[in-house]
Amino acid sequence: MTGTGSFRDPGVHAPRLGASVVLWRGGTVLLVKRGKEPLVGHWSLPGGHVEPGEPLEAAEVDSVLDGCWRVRDIVRNILDTTTHRKDTVEAVSVPEAIDAALALVRAQVSHRATILWSPGEVPPASAHRTKLVEVVVNLVVNAGQAFGDNRASQNQIWVRARGDAGEVVIEVEDNGPGMDEATRVRALEPFFTTKEPGQGTGLGLFLSSAIVESLGGTLRIDSEVGQGTRVTVRLPVAHEAPESGVVRCLAPVTTGEVTARARVLVVDDEPEIRRALRRIVGRRHDVALAANGAEAWQCLAAGERFDVVFCDILMPEVTGIELYRALEEAIPEQAARVVFITGGATSEAARVFLEQHDGRVVHKPFRPSEIEATVAALAGSAAEGFDAQRVRPRVAPA
């Protein structure tokens with residue numbers, strides 16, 4: 001595997017995020033970038049560029065893989081933000097919303113300023129997750145645009161969140177040039193901007209204020225020339241627990257933890273996925289494979305039982321959704337063992353189904369550590385009699 005030199009930029013740009021994605025041409029990854037930061041460079045895959053038996057540099061492979069994982073995380077955040085269509089106000093985890101926002105904008109801002117954010121204990125906000133992510137994106141990008149393209153180590157943006165007397169407070173503060181009073185007063189007007197052409201539309205603060213007000217909150221700007229700017233968002237505290245696509249496991253699980261040998265069924269119509277899961281899981285557990293829902297149903301209906309069932313959603317003959325619903329009716333204890341593996345919903349029905357079972361979804365492409373920890377959590381819950389409905393663990397990036 002060898003690098004081919006310069007980067008190309010023929011992709012389609014998303015103006016706000018500065019994203020450009022080009023996947024394949026002739027077996028070569030051309031470019032995946034975000035803002036000015038290349039995430040996956042111009043790398044040729046093994047083939048004509050690598051002689052048989054020629055060793056690959058581990059550092060080069062790790063670098064490309066790291067870029068690929070980062071691209072995956074960016075795409076997931078974009079999809080999560082753009083497809084979360086619930087318009088109702090609900091309990092939202094503020095740290096998770098801020099994490100998602102910063103994942104989208106960090107590279108765009110990093111050449112201008114250092115973002116400082118330390119998640120802590122924050123009560124859930126009564127809000128709309130997608131809209132809250134949008135607000136934080138707008139505020140951080142706006143703060144970053146107050147700086148030039150240098151001195152990033154000295155330019156700082158602080159993101160803070162806390163509870164305060166029945167409200168959730170989110171602050172985005174910078175040590176930039178600040179605003180005079182005349183500018184501060186007009187900052188929330190639509191299309192008002194002091195930035196250079198192409199640097200802003202004058203809508204970020206206006207839209208953020210409108211969103212916050214629609215959620216029953218307030219947005220305040222404090223600024224002085226030479227002293228920086230602080231934007232404070234206040235939202236009502238939610239009294240119910242927030243829904244989360246990431247569910248912490250019932251007991252701590254680490255990637256290297258040895259668990260009792262489990263029986264695992266992999267249901268996927270893609271041979272590459274079946275082989276990959278068998279390689280990951282088969283080192284410590286017994287693995288059976290099924291190419292579609294019909295094969296899996298025959299196996300389960302014949303009396304086979306498994307501690308974990310990894311099941312794709314879209315498959316020929318019998319889909320993952322159809323298999324799961326059949327198991328709910330006929331073998332509910334096995335339905336409780338199902339974890340869905342998917343590259344995303346391609347229909348409204350699939351999207352709604354995945355939303356309803358969000359705590360039991362592993363997204364493709366997946367890391368081995370995600371699969372290993374999921375098996376450990378479900379196998380452990382089976383051994384100890386826990387409810388396995390929502391036990392997918394949070395797995396730190398490898």
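Every read-out reported here was derived from the displayed coordinates using simple, explicitly stated rules and does not represent laboratory data. These numbers were taken from a predicted model, which means no experiment stands behind them. Cβ coordinates were reconstructed from backbone atoms using ideal geometry, including for glycine residues, and neighbour counts include every protein chain displayed.
A Förster radius of 41 Å combined with the Cβ-Cβ distance from THR218 to VAL362 puts the calculated FRET efficiency at roughly 0.60.
What residue among SER214, GLN145, THR232 has its Cα farthest toward the positive end of the dipole of segment 84-236, where the charges are +1 on Lys, Arg and -1 on Asp, Glu, each on the Cβ? Farthest towards the positive pole: GLN145. Backbone phi angles across segment 262-273, fed through the Karplus curve with coefficients 6.51, -1.76 and 1.60 (θ = phi - 60°), yield HN-Hα couplings of 10, 9, 10, 10, 10, 10, 7, 7, 8, x, 5, 5 Hz in residue order; Gly and Pro are listed as x. Here segment 263-384 is described by how far its Cα atoms reach on the three principal axes: 36, 31, 27 Å, from widest to narrowest. Between the beta carbons of GLU333 and GLU181, assuming R0 = 56 Å, the FRET efficiency works out to 0.25 to the nearest 0.05.
Among LEU289, LEU300, the ranking by other beta carbons within 10 Å of each residue's beta carbon, starting with the fewest, stands as LEU289, LEU300. Seen through its C-alpha gyration tensor, with square-root eigenvalues sorted a ≥ b ≥ c, segment 90-138 comes out oblate because a/c lies at 1.5 or above while a/b is not bigger than b/c.
In segment 113-166, if every C-alpha pair distance is counted and binned at 10 Å from zero, what percent goes to each bin? Percent of Cα pairs in each bin: 20, 44, 27, 9, 0. Rounded to the nearest whole Hz, the Karplus-based 3J(HN,Hα) values (6.51 cos²θ - 1.76 cosθ + 1.60, θ = phi - 60°) of segment 231-238 follow the sequence 10, 10, 10, 10, 10, x, 6, 8, with x at glycine and proline.
Give me LYS364, LYS131 ranked fewest to most by other Cβ atoms within 10 Å of their Cβ, as a rough exposure proxy.
Details: LYS364 14, LYS131 21.
Fewest to most other Cβ atoms nearby, the residues stand as LYS364, LYS131.
Ranked from largest, the principal axis spans of the Cα set of segment 84-236 equal 38, 30, 30 Å.
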